[in-house]
1. Just going by the charge dipole of the protein assembly as shown, with Lys and Arg at +1 and Asp and Glu at -1 on Cβ, which of B:T182, B:V419, A:F212 is farthest out on the positive end?
2. Could you list which residues have their amide H under 5 Å from that of A:V118, counting only those 5 or more apart in sequence or on another chain, with H placed in the peptide plane?
3. Considering only DSSP states other than H, G, I, E and B, which GluC sites (Glu not before Pro) in the stretch B:301-335 qualify as loop sites with at most 16 other Cβ atoms within 10 Å?
4. Tell me, what is the FRET efficiency for A:M1 and B:H363 to the nearest 0.05, using R0 = 56 angstrom and their Cβ-Cβ distance as r?
5. Order by neighbour count: A:T79, B:T127, A:T228, fewest other Cβ atoms within 10 Å first, most last.
6. Between A:D360 and B:R240, what is the spin-label point distance in nm, taking each point 7 Å from the Cα along the Cα→C-beta axis?
7. Using a Förster distance of 25 angstrom, determine the FRET efficiency expected from the C-beta separation of B:K60 and B:R376, and round it to 0.05.
8. Give the shape of the stretch B:362-439 as rounded, prolate or oblate, defined through the alpha-carbon gyration tensor: a ≥ b ≥ c are the square roots of its eigenvalues, a/c under 1.5 means rounded, and otherwise the shape is prolate if a/b is larger than b/c and oblate if not.
Amino acid sequence: MTTECEVLVLGGGGAGCSAALHLAQRGVRVVLLERGLVGSQASGVNYGGVRQQGRNPAELPIARRSRELWGRLKDITGTEAEFTVTGHLKLARGDAEEAELIAYLDVAKRHGLPLRLVGRNAIHREYPWLGPAVVAGSFAPDDGSANPRLLAPALAQAARAAGAEIREHTKVVAQHHAAGQFELVSEAGQTFRAPVLLNMAGFWGGAVAEAFGEPVPVRPLSPNMAVTEPIPYFIEPNLGVVGGNVYLRQIPRGNVIIGGGHGESDPAAPWARPLPEVTLEVLELAVQLVPELAGTQVIRSWSGIDGKMPDGIPVIGPSRTTPGLFHAFGFSGHGFQLGPAIGAIMSELVLDGRTDIPLDAFRIDRFPPAA
Amino acid sequence: MRIAVVGAGPAGVRAVEVLAAAGHRPIWIDEAPEGGGRVYQRPPAPLRRDARALYGFEAKRATALHAAFDALKARADWRPETLAWHIRPGAKRLHTLHRGAQDVVEYDAALLCTGAMDRVVPVPGWTLPGVTTLGGAQIALKAQGCGIGRRVVFLGSGPLLWLVAYQYAKAEAEVAAVLDTTPFATKAAAAPGLLRGGATFAKGLYYIGWLRARRVRVAEGVTPLAIEGGAEGVTGLRWRDAGGREHAVACDAVGLGWGLRPEAQLADLAGIPFRFDALQHNWVPVRDAAGRTPVAGHYLAGDGAGIGGAEVAELAGARAALALLQDAGQAVEAATVARLDAALARQQRFRAALDRAFPFPAHLAAGLPDDAILCRCEGLRAGDLRAAARAGNAAGPAPEMNRAKAFSRTGMGRCQGRVCGAAAAEILAAELGQPVEAIGRLRGQPPVKPMPIAAPRPASEPVP
């Protein structure tokens, strides 16, 4: 059986579901193909940070645009996916880290991102529960967090309502391009045909790019995540550190979500799990930041699979080999906040042939060809 | 060869016995301070009483198992009060926690004898103070020498219902009623098979007869309506009899349970596939009759590998240890293997009759009212889970168990669905119009039980 449409989206993460939604809203016949359930991997299992501060400057225009969409998520999807503007507090644990916080203030200013330095005296006054290891912080009042389990499914549901077709449990096993048409074949033998293909398949996007003659050095990346039992609510801001080896946030119901480091994975299965040694190390880092967490019970840990690029920023933009093919993958562990805007940007690339967001830093041919 | 045995209940003790006899010194882990498992749990020394009072008809078995355990402790690397919280089958490492100290156990072969826990069906009011599981009620009596209340109702089904009620009555607690949700006819139909159980079947009849003779109120085929009470605790229980008439009974405690479910989180983390056992109405890890699993070097025995009871667990523990030895190329006595296999097969037939006699009351779980608490850790009601299954849900309908968990938080709390999972599956399946085995099972994630975050390292202590 063959399904014909105008745009095929490969991958049902937050970005892919947002692309399906934005295209459907503009009247495009779009079909999204997802191997499992939407939001099963990086989009669904990540930390849930909705953070602009600290990003690579190239990502900030996307993050700014996405933040605007996050603010309207309830209107767009019917749920805010527990998005809460708690502010994001990035912490320094020494002079060198503090210098990095200060240096980033200029970057934030250039991109209109509100950011306030919390100095050595103020930090323990304003956040008396921080441990002595912390020497300074920078606070981004517009940042916050959301429930990653809800974003992609909510965007997919909104896309369905707008007329998109979301095909879950549809694993693509072959892809071709001939005579201006992409033809994708699923494991169950269904064929999908369209003149435009959006490769938004996370880590597996690397294999798709390779199939069209433009391999990139993408590696699997598994966030190492854990959550505690509920304890009385006291950690209001989403917390990070310079260097990113630990991050934690508390939700008002009391649970503390703690991440840092990387787990193990097998993308072929696909299968991912946190590493116990990493979990214990991250818990130790967390308790240095917030000593009161000592004795709190960890009730679950988990992971999933994202794609990591060598320079830590994704591939976004048109293919250099195949007309009609556009990529957006390899979000390197920080795509959750960007997802909504990526979908909007992809719809503009497809329908308008351009976007206001500068994408040059993300071009697929920025890596030297493999030897 | 480095062998790790997790669990020192009937299966674990008999497994270590076989391994020690073959010249091995396994690393032996249990959460409890002493061996015996839940079924033959030993009270702390100051509360010791004679075995007959503690274990009734099982006194001889309990005493024998304890004696075997005591003799084996020195022949193994015995690690009591130790939680195995994660297992990595590829790396062959177990991660353990003992009184706040983390450790890693490297092994070549692992035998998991992780036992079982009570299977619960939520009833409106089941989270009131004074409600406990049948197993919990029994442990209170056995290990602490106290009851769960002064006037107790026992509700549920299965052999444990009658045994615990009998034990409470013998301990001179007032048993206000024994309410069995299984109709008499269901049990009668399974009677021919139950006769295979011989002594076990006879003991069950004895308990029931003993309770009736003492004019304890007994009813079969009942439908529980609500446990009543308030912040002070339970005050009574309302139920409907098989004829549709409503009754109320005053009490200050309720013990409830519907058989057991495997504690199979380690097997899950070890990557062993699971199958739905329609008769037991449980998801059980896949293994052969000897306890071998599809994951090389990993063996299962006892209730953690599918509910069989303590007698079966002893046989299965010895058999799995022999399988482990056989796979390692060690000679084992063919006659011993054959004797164990025959005994296990015989027990299997009795067990099947028992499961038919006391089927899981899926209809009670599926029919839990919308406003009744389903997931007590997260404070979720049955209606919250049903909403997650509906198309009107903002994130779309949840087509399977883990997605329903993701949307609604059912099974996301401290117990990770070990308590509410079975009932939650029935509710979701009914809402989706699917058989319960079609909607999957909650995925296991480490740690298998809550694990405290360690205190910060003192500044003077160097980071290793």
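1. B:T182
2. A:G137, A:S138, A:F139
3. B:E333
4. 0.90
5. B:T127, A:T79, A:T228
6. The modelled label-to-label distance comes out at 7.4 nm.
7. Efficiency computed from Cβ-Cβ geometry: 0.05.
8. Rounded shape, in that the Cα axes give a/c under 1.5.
Here, each number is a calculation from the coordinates, and none is a lab measurement. Remember, predicted model here, so these are calculated numbers, not experimental data. For neighbour counting, all protein chains shown are included, and Cβ atoms are generated from backbone atoms with ideal geometry for every residue, glycine included.
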